[in-house]
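Working notes, structure below.
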Amino acid sequence: MNQIVTLDEFIIQRQKDFPFATGELTGLLRDIGLAAKIVNREVNKAGLVNIFGLTHKDNASGERVQKLDIYANERLIGCLKNSGECCGIASEENKTFLPIPSLESKSAKYVVIFDPLDGSSNIDVNVSLGTIFGIYRRVSESGQVVLDDFLQKGNQLVAAGYVLYGTSTMLVYSTGKGVNGFTLDPSIGEFCLSHRNITIPKTGPYYSINQGHFNKFDKPMQKYIHHCADQGLGLRYVGTMVTDVHRTLVKGGIFIYPNTSSHPDGKLRLLYECNPMSFLVEQAGGQAISCKMERILDMKPTELHQRTSVAMGSPMMVDEMKTFLKKAKAMDKIRTA
Ligand code: AHG
Ligand code: MN
Ligand code: MN
């Protein structure tokens, strides 16, 4: 029988990769692992208890929030507040960032950014959900955290990861030295190493986009979608970014949420969704860009709830999309001139 490596054991082993590590990041990652188990427990029984359904409140981005989002948000905040290893939090569900004012946390050097529950439109229909997180070193010297501690480029991420509440529950994370995945064994209540050193295939069989928005895409993107179909690629789209990107990481392919006429800057959030997922995709050997062809991780955020268009996945497919869109945009310019 293979030796089981639990998430906690793995995190502690990996601390050696960082010679000056103080154990704070290790502690933070373990706290997130714990929060993931608590959220998982509730997600699993969402169909049983009266926890799902709309709260009739909007989140900071003006979208309808469901009860489980709030539950996940509160759990994550609770675990991180108790940890003493994090001095501030920014969540998709909170309008502004939350400083953690406890005595220990004031000297902590990390801030955590997260989307507590990703894919909330899938809660009521028993389809997989996710949690996304990113960890940064604060940039302010000391005292209470400030906005600039959160408005950092994705290329400054110290660690990022996601939890996928799917047919099994997985936690996938990276500290900038490759990507590893852990599957929750419910019989022992532990995340166990199941996907060592995830590497994205150079190309893949799927494109993943909400094709129902086709009429709202710009012309070059419409042409690219036809091109994907012409190549015989399969279309896969769950509507939970974590799930769609996880499949893309494991099987290869391209995931796109472009700018649309109703979301001219794209729908997905740079800080809570695109940066952490782009960090993981790049760490696995893939690429992540906006539809304006900027590297996602090099974009400078100007506000917490900023949105961006995004395309990420197998390196050859992202490269090909870039070339295709450049050509299509040039032709579009000539046509409209
Ligand atoms: P959230 O539930 O955190 O608001 O995120 C939902 C996101 C993302 O997970 C998914 O890729 C996308 O919204 C789906 O949007 P469409 O329904 O427009 O395809
Ligand atoms: Mn989300
Ligand atoms: Mn969410």
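The values are calculated or read from the model by the stated rules, or taken from the named source; none is laboratory data. On a predicted model such as this, the values are computed, not experimentally measured, just so you know. Just the protein is used for accessible areas: all its heavy atoms, side chains included, with ligands, DNA and RNA removed. Shrake-Rupley method; radii C 1.70, N 1.55, O 1.52, S 1.80 Å.
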Would you mind telling me the share, in percent, of accessible area of the range 206-336 contributed by carbon and sulfur at probe 1.4 angstrom? 52 percent
Using the Cα atoms of the chain, I'd like the radius of gyration and the largest Cα-Cα distance, Dmax, both in angstrom. 19.6, 67
Taking the Kirkwood radius as the inverse of the mean 1/r across Cα pairs, report the Rg/Rh of the range 7-195. 0.96
Solvent accessible area, Å² - Glu74, 1.4 Å probe, full protein context: 120 Å²
Accessible-area order (highest first, 1.4 angstrom probe) of the listed residues Lys177, Lys16: Lys16, Lys177
5 Å is the cut-off here: which amide hydrogens, built 1.01 Å from N in the peptide plane, fall below it relative to Gly204, excluding neighbours closer than 5 in sequence? Gly253
Over 21 Å [Cα-Cα, the range 206-336], rounded percent: 35 percent
What figure in square angstrom, to the nearest 10, would you give for the accessible area of Asp69 with a 1.4 Å probe? 0 Å²
For Glu74 and Ser102, calculate 0.36 nm times their separation in residues minus their Cα-Cα distance, and state this gained length in nm to one decimal. 8.4 nm
Per residue value of the accessible surface for the chain (all protein chains in place, 1.4 Å probe), Å²: 45 Å²
How large is the translational diffusion coefficient of the range 237-303 in µm² per second when you combine the Kirkwood radius over alpha carbon pairs with Stokes-Einstein at 37 °C and 0.692 mPa s? 264 µm²/s
With a 1.4 Å probe and all protein chains in place, put Ser120, Ser261 in order of accessible area, largest first. Ser261, Ser120
Average projected area [Cα convex hull, the range 190-237], square nanometres: 5.4 nm²
Share of carbon and sulfur in the accessible heavy-atom surface of the range 7-195 [1.4 Å probe, %]: 51 percent
